[in-house]
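*Asks:* Pasting a structure below so you can have a look.
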Amino acid sequence: MAIGRRTTTERTRGGRVDNQISDFVPRYYQVYTVVQQRLREGEWTAQAPMPTEQEFAASFGVSRVTIRKALSMLEEQRLITRHQGRGTFALPTPRRQSRANFGGFLENVVDFELNTKVRVLFFAKIVLPEDIAAVLGCAAGARGLKIVRVRSDSKSPFSHTTCYLPEPEADLVTEEALGNRTVIAILGAAGVSTATAEQRLSAIVAGVEVGKLLKIEVGAPLISMTRLVRNDQDRPVEFIEALYRPDKYEYRVNLSRDEDNAAPRWIVKN
């Protein structure tokens, strides 16, 4: 499926789409992403050279300059080594780090607080945007708390979150008390009982500001998540809009076979 105005694809013998180039994301970055994945899957070994720049350029339908830039990024990550006259060779890939999972109800709060740090970009009471007020079940012109933060692990920033709290929950959170903690943890400590959450995932590309904050290229892919949290009275108490680097997060759920249905189907397993 095309995701931009111009798309070039290459299929392997097994039918998997390997190369997909779109105008929405810088082409060198897309080449880098695809080749990086193929390297991590072990497609090439150190015993034989990888395709040449010219072969990669023909495969992806891009220029050799684009290929050269993508390969330079891979070389900086120590995923390949290039030798003049001999070619480009894969290096042993580091063991893939485990990634946080979107499948659960909420993030592991303890892990977040112990192993990450945050930078607060905005913390203030505001008149809630009309669409946010509607989501939170507030009247037009209602005030609430807006918090914008970037969270990092020991290596790099990985998330940009914008959180909205309606009143009275907005009055329960102060910037000093929040610190490195998650908003949901502060609400819980204040006696707010959270019962359910509706979560949605999609994908977007990084803009200039977010790209700079997350230290990624403009146009790089990001996971977009929205989450509406309700209390035990089914009233919305928190709305989050978050952008995550896909190399740090994955979506994972457990499914079970529903044989009782007239048409058997897969359902989410609790």
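The values are calculated or read from the model by the stated rules, or taken from the named source; none is laboratory data. In this text, all values refer to a predicted model and were calculated from it rather than measured experimentally. Note: ideal-geometry Cβ built from the backbone for every residue, glycine included; neighbour counts use all protein chains shown. Surface areas here come from the heavy atoms of the whole protein model, side chains and all, with no ligands, DNA or RNA. Shrake-Rupley method; radii C 1.70, N 1.55, O 1.52, S 1.80 Å.
*Asks:* Can you pull out the residues in the stretch 178-191 that are under 14 Å from CYS163 (Cβ atoms) and touching a residue at least 24 places away in the same chain (Cβ under 8 Å)? Lay out the reasoning, then the answer.
*Replies:* From the stretch 178-191, those under 14 Å from CYS163 (Cβ atoms) are 178, 181-187; that's our starting set.
LEU178, ARG181, THR182, VAL183, ILE184, ALA185, LEU187, listed by residue number.
*Asks:* Quick check on this structure: which one of ARG151, ARG181 is at pLDDT below 90 and within 21 Å of TYR244 (Cβ to Cβ)?
*Replies:* Every option except ARG181 fails the conditions.
*Asks:* Still on this model: Scan the stretch 47-56 residue by residue and report those that are open to solvent by 60 Å² or more (accessible area, probe 1.4 Å) and in a loop (DSSP other than H, G, I, E, B).
*Replies:* Selection gives GLN47, PRO49, THR52.
*Asks:* I'd like to check something: does the stretch 23-37 contain any residue that is modelled with pLDDT of 75 or more and surrounded by fewer than 15 Cβ atoms within 10 Å (Cβ to Cβ)?
*Replies:* Yes: the stretch 23-37 contains one or more residues that are modelled with pLDDT of 75 or more and surrounded by fewer than 15 Cβ atoms within 10 Å (Cβ to Cβ).
*Asks:* Of all residues being of a type in the set (Gly, Ala, Ser) and open to solvent by 20 Å² or more (accessible area, probe 1.4 Å) in the stretch 199-221, which is nearest to ALA70 (Cα to Cα)? Just the residue, please.
*Replies:* Top of the filtered list is GLY207.
*Asks:* Can you tell me which residue within the stretch 165-177, out of those that are in contact (Cβ under 8 Å) with a residue 24 or more places away in the chain and in a loop (DSSP other than H, G, I, E, B), is least open to solvent (accessible area, probe 1.4 Å)?
*Replies:* The qualifying residue least open to solvent (accessible area, probe 1.4 Å) is VAL173.
*Asks:* Which of the residues spanning the stretch 136-164 are free of Cβ contacts under 8 Å to residues at least 12 places away in the same chain and either under 24 Å from GLY207 (Cα atoms) or of a type in the set (S, T, N, Q) (or both)?
*Replies:* If the condition is that a residue be free of Cβ contacts under 8 Å to residues at least 12 places away in the same chain and either under 24 Å from GLY207 (Cα atoms) or of a type in the set (S, T, N, Q) (or both), then LYS155 is the only one that fits.
*Asks:* Next up: Which count do you get for residues in the stretch 222-257 that are assigned to a loop (DSSP other than H, G, I, E, B) and either at pLDDT below 85 or open to solvent by 60 Å² or more (accessible area, probe 1.4 Å) (or both)?
*Replies:* Quick first cut of the stretch 222-257, residues assigned to a loop (DSSP other than H, G, I, E, B) only: 232-235, 245-248, 251-254.
Narrowing the set further to residues that are either at pLDDT below 85 or open to solvent by 60 Å² or more (accessible area, probe 1.4 Å) (or both) leaves 232-235, 246-248, 251-254.
Final tally of qualifying residues: 11.
*Asks:* Kindly provide the set of residues from the stretch 70-108 that are at pLDDT below 60, touching a helix residue (DSSP H, G or I) at 6+ places or on another chain (Cβ under 7 Å) and surrounded by 14 or more Cβ atoms within 10 Å (Cβ to Cβ), ordered by number.
*Replies:* LEU106
*Asks:* Go through the stretch 66-93 and report how many residues are at negative phi, out of contact with any Gly (no Cβ under 9 Å at 6 or more places or on another chain) and in contact (Cβ under 8 Å) with a residue 12 or more places away in the chain.
*Replies:* Count: 16.
*Asks:* Let me ask something else. Pick out the one residue from GLY219, GLY211, GLY188 that is modelled with pLDDT of 85 or more and either over 20 Å from VAL150 (Cβ atoms) or assigned to a loop (DSSP other than H, G, I, E, B) (or both).
*Replies:* Details: GLY219 fails: modelled with pLDDT of 85 or more; GLY211 fails: either over 20 Å from VAL150 (Cβ atoms) or assigned to a loop (DSSP other than H, G, I, E, B) (or both).
The unique qualifying residue is GLY188.
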